[in-house]
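Quick notes on the structure that follows.
The values are calculated or read from the model by the stated rules, or taken from the named source; none is laboratory data. All values derive from a computational prediction rather than experimental measurement. Reconstructed Cβ throughout: ideal geometry from the backbone, glycine too, with neighbour counts over all protein chains shown. Heads up: the accessible areas ignore ligands, DNA and RNA and are worked out on the full protein's heavy atoms, side chains in. Shrake-Rupley method; radii C 1.70, N 1.55, O 1.52, S 1.80 Å.
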Amino acid sequence: RVFDWLAAAVAMFGILFLVAASSVLNQVWEAGRDARMRRTTGRPVASGRISRFEGLCFGVALAVLGGVVLWWCVNPLTSVASVLTMLCYVLIYTPLKPYSALCTTVGAVPGAMPGVLGWFAAGGSVGAEALALFAVFFVWQFPHFLAIGWIYRNEYEQAGLRMLPSFSDGGRRTGIVALVYAVLFVPVACLPRYAGLAGGGYLAASLVLSSGYLWLTWRFFCERTDGRARQLMAGSLICLPVLLICLVFDFLRLTV
């Protein structure tokens, strides 16, 4: 097969526009809360460098541009899926954050879509392959984001954001939820092999990487310190990219 670099670049830029729109519109919505947290107080809207109206116009323009580029230059499925992903992030996840810890679960849905959108852009359909990619991204996110939430728990609580299962039990529920998803990630990481996207090489790599991720999560569960949370966060940022690289190479080995 011949890889179409131009089509891939157009798809990436179209999806990037919608990702940027999600971020911009999120910052417009949360400008007041962002201003109360040290890690976000320097954002353009929160700091007052850009007005909410200007941010809204820019975000909507990016969303429209991304949706149109994907519709006309890639395919309608990728365009519709990308726009719905953005809307889920901005209109459901963002407003839910001050009210329920379920926001993490809702936010994991758009967070799980990048691999699926890439599959759609390459001509794939809604099927076992897309579901396997979605599952890998979805389950991986929980230990990752709970580690981040634990590191910045005081700022989130001060801003009134319900990013953790509890702020009052010393992190016990946070550790349990992270550990449950880390355990689930071991079999879930193997799903692309059984969906026909990869072979034995990927399967071996997925078992090693997911087991390492589980070990880091177990250490965080046992000792809920900022240091353990940072180690888990760093490990998560190594685990997923390496896993995806192994998937791509094994996919190419089987199909090219």
Taking the range 199-256 only, how many residues are of a type in the set (Asp, Glu) and either assigned to a loop (DSSP other than H, G, I, E, B) or modelled with pLDDT of 95 or more (or both)? 1
When you scan the range 213-226, do you find a residue that is hydroxyl-bearing (Ser, Thr, Tyr), in the same structural domain as Phe142 (by the TED database) and in contact with a Leu (Cβ under 9 Å, 6 or more places away or on another chain), even just one? yes
Suppose we filter the range 132-178 for residues that are touching a residue at least 12 places away in the same chain (Cβ under 8 Å), in a helix (DSSP H, G or I) and over 22 Å from Pro110 (Cα atoms); how many remain? 8
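When you look at Phe53, is it more than 22 Å from Ile148 (Cβ to Cβ) and at pLDDT below 90, yes or no?
The answer is no for Phe53.
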The one condition Phe120 fails out of (1) open to solvent by 30 Å² or more (accessible area, probe 1.4 Å); (2) in contact (Cβ under 8 Å) with a residue 40 or more places away in the chain is (1)
I want to confirm something. Restricting to the range 169-212 and keeping residues that are of a type in the set (Ser, Thr, Tyr) and open to solvent by less than 50 Å² (accessible area, probe 1.4 Å), which single residue is nearest to Ile245 (Cα to Cα)? Tyr202
Here is a list: Val116, Val126, Val109. Which entry is assigned to a loop (DSSP other than H, G, I, E, B) and closer than 30 Å to Trp71 by Cα? Val126
Output the residues belonging to the range 78-92 that are open to solvent by 30 Å² or more (accessible area, probe 1.4 Å) and touching a Gly at 6+ places or on another chain (Cβ under 9 Å). Val80, Val83, Tyr89, Ile92
